[in-house]
Amino acid sequence: MDGTRQKFGLHDSVGHHISRTARIVERRVEGNLRRFGMTRVEWCVLVAVAEEGKKNPSDIADFVGIDRTATSRALRQLEASGLIERKMGRDDRRTTEVGLTAKGTAQFNAALPMCHAATQHFHAKLSIDELDVLRALLAKLAADELP
């Protein structure tokens, strides 16, 4: 080495701070979701189905921001746990429609207050204006990138 290489500066990297913060948030949420026998990704899939009415696996993947393989894995686990059911599409039998079971609805409703509390824990650290700016900046960084 010639001694002229530029130092990377890990703690100056926006990506490092985003990744570190995401892991902290995920640990809090996933720690609480374990009580309900689900992961954060499975929770996000339930949110897509329960709150957003997403029925198609591709739409669920797009909403959650994960690839089809991760979506299929989460759907298989949720189905094995009895939280969702998959049926052939009504209009196109080549498609799959996802829906919550009664158990899935109950599990979702039971976990909802804990997920609200976990989100509130982090939101309370920032003012409303800071949250708005943070969301806008993160959206700007993610714009035009692959999911």
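A short reminder: the numbers here are calculations on the coordinates, not readings from a lab. In this text, all values refer to a predicted model and were calculated from it rather than measured experimentally. Methodologically, a virtual Cβ is constructed for each residue, glycine included, from the backbone with ideal geometry; neighbour enumeration extends over all protein chains shown.
Quick one: length gained pulling residue 8 to residue 52 fully straight, 0.36 nm per residue minus the C-alpha distance? Display every interim value, and only then the final one.
Values: separation 44, 0.36 × 44 = 15.84 nm, distance 4.14 nm.
Full extension of this stretch gives 11.7 nm more.
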Net charge of neighbours whose Cβ lies under 15 Å from the Cβ of residue 80, counting Lys and Arg as +1 and Asp and Glu as -1: +1
Could you give the radius of gyration (one decimal) and Dmax (whole number) of the Cα atoms in the stretch 29-111, in Å? 12.0, 40
How many Lys pairs in the chain lie less than 26 angstrom apart by Cα atoms, where the lysines are 8 or more positions apart or on different chains? 7
Under the Karplus relation 6.51 cos²θ - 1.76 cosθ + 1.60, θ = phi - 60°, what is the ordered set of whole-Hz ³J(HN,Hα) values for the stretch 14-19, x standing for Gly and Pro? 4, x, 4, 5, 5, 4
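Listing 30, 145 from the residue with the fewest other Cβ atoms within 10 Å to the one with the most, what is the order? Don't skip to the end; give the middle numbers.
On the way: 30 16, 145 6.
The fewest-first ordering by Cβ neighbours comes to 145, 30.
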Kindly put 88, 114 in sequence by how many other C-beta atoms sit within 10 Å of each C-beta, fewest to most. 88, 114
Mind listing the phi-derived Karplus ³J(HN,Hα) values for the stretch 28-43, rounded to whole Hz, using 6.51, -1.76 and 1.60 with θ = phi - 60°, and x for any glycine or proline? 5, 5, 5, x, 6, 5, 4, 4, 9, x, 9, 8, 5, 5, 4, 4
Return the long-range amide H neighbours of residue 54 (sequence gap of 5 or more, or a different chain), with a cut-off of under 5 Å between placed amide H atoms. 49
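State the three equivalent ellipsoid semi-axes of the chain, derived from the C-alpha gyration tensor as the square roots of 5 times its eigenvalues, in descending order and whole Å. List each step's numbers first, then the result.
On the way: eigenvalues 228, 81, 45 Å².
They are 34, 20, 15 Å, listed largest first.
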Please list, in order, the residues from the stretch 64-80 whose amide nitrogen is less than 19 Å from a point placed 7 Å along the Cα→Cβ vector of residue 135. 64-65
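Please compute the length gained on full extension between residue 110 and residue 123, using 0.36 nm multiplied by the number of residues separating them and subtracting their Cα-Cα distance. Mind showing how you got there, number by number?
Numbers: separation 13, 0.36 × 13 = 4.68 nm, distance 2.13 nm.
Working it through step by step, the gained length comes to 2.5 nm.
Would you order 87, 55 from fewest to most other beta-carbon atoms within 10 Å of each residue's own beta-carbon? Walk me through the intermediate numbers first.
Details: 87 12, 55 18.
Neighbour counts put them in this order, fewest first: 87, 55.
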When only alpha-carbon atoms are used, what values of Rg and Dmax, in angstrom, describe the stretch 95-145? 16.5, 44
Placed amide H near residue 101: partners under 5 Å, 5+ positions off or other chain: 84, 85
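Please get the size of the charge dipole for the chain, origin at its Cα centre, with Cβ charges of +1 on Lys and Arg and -1 on Asp and Glu, quoted in debye to the nearest 20.
For this selection, approximately 580 debye.
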Residues with amide H under 5 Å of residue 96's amide H, sequence separation 5 or more or different chain, H placed in the peptide plane at 1.01 Å from N; which? 89
Which whole-Hz ³J(HN,Hα) couplings does the stretch 114-129 yield from phi under the Karplus relation 6.51 cos²θ - 1.76 cosθ + 1.60, θ = phi - 60°, glycine and proline marked x? 5, 5, 4, 5, 5, 5, 4, 3, 7, 4, 5, 7, 10, 6, 4, 5
